[in-house]
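See below for the structure under consideration.
The values are calculated or read from the model by the stated rules, or taken from the named source; none is laboratory data. Computed from a predicted model, the values in this text were never measured in an experiment. Using ideal geometry, Cβ is built from the backbone for each residue, glycine included, and neighbour counts are taken over all protein chains shown.
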């Protein structure tokens, strides 16, 4: 017991350390950008803080700057009294600004934009590392082929409704080429395009157009998604197609009698193509009490195996087969990684404010949710942490450039308005707007934490407790992969 507990404890501590390092590091990189640009342009820097509120630790350097780590790790700031008065969040300034020359418009814009620029540079460095190391990807993650079409979807209220994909005529084996006119290259692109979609028909129902390739023909299929699942997001009831491989064969099972071997690729069952584990398991269930003919590929050659009839007490779950899918290491260009992250972040922000979108604040993640995702990534491996941190830094960069008071984009907006009117905006107006939006921003963080992060975390904890221990790296099942 103790020997099992120690590795688990050390692994958990390692995951937490990675969360602190990369989450805190992303904030540090952002503020470092402001700090370096301000010092370079001769702007007075009074304080460099990671976190808000009273200092947990502080030190004043020879450069006169107070460096601190504060109690509330919801971000950070560089106190620049010549550029912005954020006393409500950053504390009052004690600097004497008399006799200092006015800060130019160009300097203001450079300093305010430097934080986002450093986040993007950091994201690019991570993308280069991921390109060099490679990312292990499963066949289902790389797929754009439909592996199965669910007959029904379960709505949040428990009702079973016909699957929108089946009603629209999508079929297993269809290759998805575009969604709403945008190309897709992997299953995550299909999921994101569907969830972030804003299309609606004349009656106001969600609508999406799948462009699929079927038997050499290109078809446009109009589908009306349902809001399903715990997250209430757009789903149509499809799962990815992937190579279905045998991981292990139980001794003395029907599969062993039929001659199955590990690494066999299952191609057909009862003469029908098998694009994922779902149709294969359905074929096993339908063949109860009779022989099932299965075509497999072994060492490059195809052969037919026959599962003997079994039913009742003689039946073995899965005929004694443990299934998996293939994996490969992909090396994606850092420019493509960064471009994809920027594109999806932009589309998420657009969907958040689009009147025809189904994305709301309850779908977002705050600091708690981000830390949870990073912790889950840390349990997978360092490359997963790099990937999530890359996305986090792109999110930080674009979010901070929004023209909202308190954010960097808001400071840039105030500076630009002052430039256009020929004199700075009144200090009281800027201070009032920033105080109001600081309250709004903190309220949004609290809302997302209470109504999104916490319920999502509790659902995942319940699901983890309810899930049986995995015997092998099995392929995705219908409830996990249907979208």
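Numbers for the structure displayed
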{"read-out": "Index of the failed condition, residue 288 passing every other in (1) in contact (Cβ under 8 Å) with a residue 60 or more places away in the chain; (2) more than 26 Å from residue 175 (Cα to Cα)", "value": "(1)"}
{"read-out": "Residue ranges of strands (runs of 3 or more DSSP E) in segment 99-184 with at least 1 members surrounded by 14 or more Cβ atoms within 10 Å (Cβ to Cβ)", "value": "135-138, 146-149, 152-154, 175-179"}
{"read-out": "All positions within segment 243-256 that are crowded, with 24+ Cβ neighbours inside 10 Å and closer than 26 Å to residue 165 by Cα", "value": "244"}
{"read-out": "Residues within segment 9-45 that are over 29 Å from residue 385 (Cβ atoms) and either surrounded by fewer than 19 Cβ atoms within 10 Å (Cβ to Cβ) or not assigned by TED's automatic domain parsing to the domain that holds residue 117 (or both), tallied", "value": "4"}
{"read-out": "Meets criteria (touching a residue at least 40 places away in the same chain (Cβ under 8 Å) and surrounded by fewer than 16 Cβ atoms within 10 Å (Cβ to Cβ)) for residue 262", "value": "no"}
{"read-out": "Number of positions in segment 377-411 that are surrounded by fewer than 21 Cβ atoms within 10 Å (Cβ to Cβ) and more than 29 Å from residue 130 (Cα to Cα)", "value": "4"}
{"read-out": "Every residue from segment 319-374 that is farther than 26 Å from residue 239 by Cβ and either touching a strand residue (DSSP E or B) at 6+ places or on another chain (Cβ under 7 Å) or assigned by TED's automatic domain parsing to the domain that holds residue 278 (or both)", "value": "356, 367"}
{"read-out": "Residue count for segment 398-442, restricted to those that are under 24 Å from the mean Cα position of the chain (by Cα) and modelled with pLDDT under 90", "value": "2"}
{"read-out": "Residue match in segment 229-242 (condition: crowded, with 23+ Cβ neighbours inside 10 Å, modelled with pLDDT of 90 or more and over 31 Å from the mean Cα position of the chain (by Cα))", "value": "no"}
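The rows are residues; the columns are (1) part of a loop (DSSP other than H, G, I, E, B); (2) in contact (Cβ under 8 Å) with a residue 40 or more places away in the chain; (3) within 30 Å of residue 356 (Cβ to Cβ); (4) not assigned by TED's automatic domain parsing to the domain that holds residue 169.
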| site | (1), (2), (3), (4) |
| --- | --- |
| 193 | no, no, yes, no |
| 202 | yes, no, yes, no |
| 213 | no, no, yes, no |
| 220 | no, no, yes, no |
| 231 | yes, yes, yes, no |
| 255 | no, yes, no, yes |
